[in-house]
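What follows is a short report on a single structure.
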Amino acid sequence: SMSGASLDQAKSALKMAVQRLSKNDRFNIIQFNNTSKALYSYERLASAENRKLACQYIDALVAEGGTELAPALSIALNGDAQIGRIRQVVFITDGSIGNEDQIFSMIKRRLGKNRLFPIGIGSVPNSHLMTKIAEYGRGSFTYIGDISEVATKMGDFFNRLENPVITDIAIRWPTDLTVDISPSVIPDLY
């Protein structure tokens, strides 16, 4: 449903992200509105040719329909990180997403070693949902209220994602202590 300046800014930021991928990275692009469609049937190496095709795919994106996240998230969570790698799922929306319970349940069942990074653009995104997705998904939520800030905030965001300091953080407490921590699964440190 994203259109106009929001879509143009998001497309520009997404193309920047694709161009930043190294040849050893793997990626896919999934568009979602009333339906979901992936560029590739599975993640592909970020070769020069695949990045070029991805940028052409991004250029062709148009605003259509609503904002149905669950089917796109299902496609994105169809797989897990390979040993020694971090699988980061970034989704960008300017829409108000509902069906929270279904999305939370899917994340809890299928997250595996994936990380979720929702990005909301404009005044409509469901900030509560995005914050919880990031928490359950061991990622972070980025909110961009002013579309003129998209390029800057997305650049900062991708700089962070490219440089994790510590991953798979766990805390072991003495057995004689009862401790309640939140979030229960600790996100990576960037």
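List of remarks:
- The chain - percent of accessible surface contributed by carbon and sulfur, probe 1.4 Å: 50 percent
- Our note on the geometry: Cα centres of region 26-66 and region 115-160, 19 Å apart.
- Among the DSSP helices (H) of the chain, those spanning at least 18 angstrom by Cα along their long axis with an average Kyte-Doolittle hydropathy of -0.5 or more are 4-20; this is a geometric and hydropathy rule only.
- With the whole protein complex present, TYR42 retains an accessible surface near 130 Å², based on a 1.4 Å probe.
- Amide H partners (placed H, <5 Å) of ASN114, local residues excluded: ALA81
- Each of LEU7, PRO118, ILE83 was placed along the dipole of the chain (beta-carbon charges, centred on the mean Cα), and the one lying farthest toward the positive end is ILE83.
- Taking every protein chain into account, the accessible area of region 67-166 amounts to 47 square angstrom per residue (probe 1.4 Å).
- One compactness figure for region 1-69 is 1.11, namely its Cα radius of gyration divided by 2.2 N^0.38 Å.
- Accessible area per residue for region 18-65 is 60 Å², calculated with a 1.4 Å probe on protein heavy atoms, without ligands, DNA or RNA.
- Contact order relative to length of the chain, as percent, for alpha carbon pairs under 8 angstrom and 6 or more apart: 18 percent
- Compactness of the chain is given as radius of gyration and Dmax, 16.7, 58 Å, from Cα positions.
- Note on SER123: accessible area approximately 110 square angstrom, rounded to 10, probe 1.4 Å, nucleic acids and ligands left out.
- Under 17 Å of direct C-alpha separation, and excluding same-chain neighbours fewer than eight residues apart, LYS23 reaches these lysines: LYS15, LYS52.
- Region 87-140 - charge dipole about Cα centre, Lys and Arg +1 at Cβ, Asp and Glu -1, debye rounded to 20: 440 debye
The values are calculated or read from the model by the stated rules, or taken from the named source; none is laboratory data. Source: prediction; values computed, not measured. Counting neighbours? That spans all protein chains shown, and the Cβs are built from the backbone with ideal geometry, glycine included. We work out accessible area using only protein heavy atoms, side chains counted, and drop any ligands, DNA or RNA first. Shrake-Rupley method; radii C 1.70, N 1.55, O 1.52, S 1.80 Å.
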